[in-house]
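S.K.: One structure, as structure tokens, below. Some questions next.
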Amino acid sequence: MASKRGALIVLEGVDRAGKTTQCKKLVQALQQSGRPAEMMRFPDRSTTIGQLISAYLEKKSDLEDHTVHLLFSANRWELVPVMKKKLEQGITLVVDRYAFSGVAFTSAKPGFCLDWCKRPDVGLPKPDLVMFLQLNPAEAALRGQFGNERYETSAFQKSVQEKFEQLMKDPSVNWKVIDASQNVEGVHADIRTHSLNAINETQNMPLGEL
Ligand code: DGP
Ligand code: NA
Ligand code: NA
């Protein structure tokens, strides 16, 4: 019997929706049930390109908007060989942000259309499941202040949320909306259910492309 590939699972959402916590909990739960799983995150600030992105987000450098968009995309592309290898080895990848953040954050800036923003990511491995952690701005505000990084203002985040809502209309992507206002365990239970379904449904299907 041919060995089964891992699933590519992505968590998206606006800042403070709990993506990172939930990615970690999902990886733990999958591992504990005997399913190989690893976490990844984008941007991956550890690479040379990632360090340029990190300096930009920390406002230690300024980069032209198209340029930074292409750097975020390049940062995903440079990890594709590693991702494909792990998926082929049967490892499920749980990814904290992906191309959808790329499109939502840049298209929230003036002068960018969705179509241009999507182009550089065309051909990337397509997630088997994308879960959007939905949290309204009032609930997000209860979780504390924004940090000091670029993009961390309520006006910009509102615009990003609207862009995500447009992206979620794309029926070629397996979107699931998760109510992130539940407690951590409630959110985790929803995420685990969708993930187990995706792992079972996609293990005999080839990996798609964006
Ligand atoms: P995080 O490490 O998850 O806090 O993400 C860093 C910030 O960068 C966050 O505000 C979201 C934003 N971001 C993530 N991916 C992209 C991308 O591809 N393009 C742009 N413009 N912003 C992104
Ligand atoms: Na952030
Ligand atoms: Na995060």
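S.K.: Check 90, 102 and return the single one that is away from ligand 3 (no atom under 15 Å from the Cβ) and at pLDDT 95 or above.
M.R.: 90
S.K.: Within region 122-143, restricting attention to residues that are within 16 Å of ligand 3 (Cβ to nearest atom) and not in a helix (DSSP H, G or I), which residue is surrounded by the fewest Cβ atoms within 10 Å (Cβ to Cβ)?
M.R.: Once the filter is applied, the top-ranked residue is 143.
S.K.: Moving to a separate point now. Out of the residues in region 1-51 that are within 14 Å of ligand 2 (Cβ to nearest atom) and of a type in the set (S, T, N, Q), state the one that is nearest to residue 104 (Cα to Cα).
M.R.: Once the filter is applied, the top-ranked residue is 20.
S.K.: Taking region 71-90 as the search range and keeping residues that are in a helix (DSSP H, G or I) and touching a Lys or Arg at 6+ places or on another chain (Cβ under 7 Å), which one is surrounded by the fewest Cβ atoms within 10 Å (Cβ to Cβ)?
M.R.: 88
S.K.: Of all residues being within 16 Å of ligand 1 (Cβ to nearest atom) and among the small types (Gly, Ala, Ser) in region 6-40, which is nearest to residue 140 (Cα to Cα)? Just the residue, please.
M.R.: 17
S.K.: I need a count of the residues in region 52-65 that are hydrophobic (A, V, I, L, M, F, W, C), surrounded by fewer than 21 Cβ atoms within 10 Å (Cβ to Cβ) and within 16 Å of ligand 2 (Cβ to nearest atom).
M.R.: Total satisfying the criteria: 2.
S.K.: In region 188-206, is there at least one residue being closer than 16 Å to residue 94 by Cα, assigned to a loop (DSSP other than H, G, I, E, B), over 16 Å from the mean Cα position of the chain (by Cα) and not acidic (Asp, Glu)?
M.R.: Yes, region 188-206 has at least one match.
S.K.: Looking only at region 41-67, count every residue that is within 13 Å of ligand 1 (Cβ to nearest atom) and β-branched (Val, Ile, Thr) and tell me the total.
M.R.: Adding up the residues that qualify gives 3.
S.K.: Any residue at all in region 91-98 that is more than 24 Å from residue 200 (Cβ to Cβ), in contact (Cβ under 8 Å) with a residue 24 or more places away in the chain and either among the aliphatic types (A, V, I, L, M) or assigned to a loop (DSSP other than H, G, I, E, B) (or both)?
M.R.: Going residue by residue through region 91-98, those that are more than 24 Å from residue 200 (Cβ to Cβ) are 97.
When the remaining residues are screened for being in contact (Cβ under 8 Å) with a residue 24 or more places away in the chain, the result is 97.
With the extra rule that they be either among the aliphatic types (A, V, I, L, M) or assigned to a loop (DSSP other than H, G, I, E, B) (or both), the set shrinks to 97.
Yes, that holds for at least one residue.
S.K.: Here is a further query. Inspect all residues belonging to region 92-101 and state whether any of them is under 22 Å from residue 166 (Cα atoms), of a type in the set (Lys, Arg) and within 17 Å of the chain's Cα centre (by Cα). Full working, then the answer.
M.R.: Our first condition is that a residue be under 22 Å from residue 166 (Cα atoms); within region 92-101, this holds for 95-101.
Subset that is of a type in the set (Lys, Arg): 97.
Still in the running and within 17 Å of the chain's Cα centre (by Cα): 97.
Within region 92-101 (the criterion being under 22 Å from residue 166 (Cα atoms), of a type in the set (Lys, Arg) and within 17 Å of the chain's Cα centre (by Cα)), the answer is yes, since at least one residue qualifies.
S.K.: Have a look at 146, 164, 156 and point out the one that is surrounded by 13 or more Cβ atoms within 10 Å (Cβ to Cβ) and either farther than 25 Å from residue 59 by Cα or at pLDDT 95 or above (or both).
M.R.: Being surrounded by 13 or more Cβ atoms within 10 Å (Cβ to Cβ) and either farther than 25 Å from residue 59 by Cα or at pLDDT 95 or above (or both) holds for just one of 146, 164, 156, which is 164.
S.K.: Taking residue 68, is it surrounded by 20 or more Cβ atoms within 10 Å (Cβ to Cβ) and touching a Phe, Trp or Tyr at 6+ places or on another chain (Cβ under 6 Å)?
M.R.: Considered against the rule, which asks whether it is surrounded by 20 or more Cβ atoms within 10 Å (Cβ to Cβ) and touching a Phe, Trp or Tyr at 6+ places or on another chain (Cβ under 6 Å), residue 68 comes out as yes.
S.K.: Can you report the number of residues in region 17-58 which are in contact (Cβ under 8 Å) with a residue 12 or more places away in the chain and part of a helix (DSSP H, G or I)?
M.R.: Taking region 17-58 as the starting set, the residues that turn out to be in contact (Cβ under 8 Å) with a residue 12 or more places away in the chain are 17-27, 29-30, 35-44, 47, 49-50, 52-53, 56-58.
If we keep only those that are part of a helix (DSSP H, G or I) too, we end up with 19-27, 29-30, 49-50, 52-53, 56-57.
Looking only at that region, the number is 17.
S.K.: Now for a different question. Can you find a residue that is closer than 18 Å to residue 106 by Cα, modelled with pLDDT under 95 and either surrounded by 15 or more Cβ atoms within 10 Å (Cβ to Cβ) or within 16 Å of ligand 2 (Cβ to nearest atom) (or both) anywhere in region 167-181?
M.R.: no
The values are calculated or read from the model by the stated rules, or taken from the named source; none is laboratory data. All of these numbers come straight from a predicted model, not from anything done at the bench. Please note: Cβ atoms are built from the backbone with ideal geometry, for glycine as well, and neighbour counts cover all protein chains shown.
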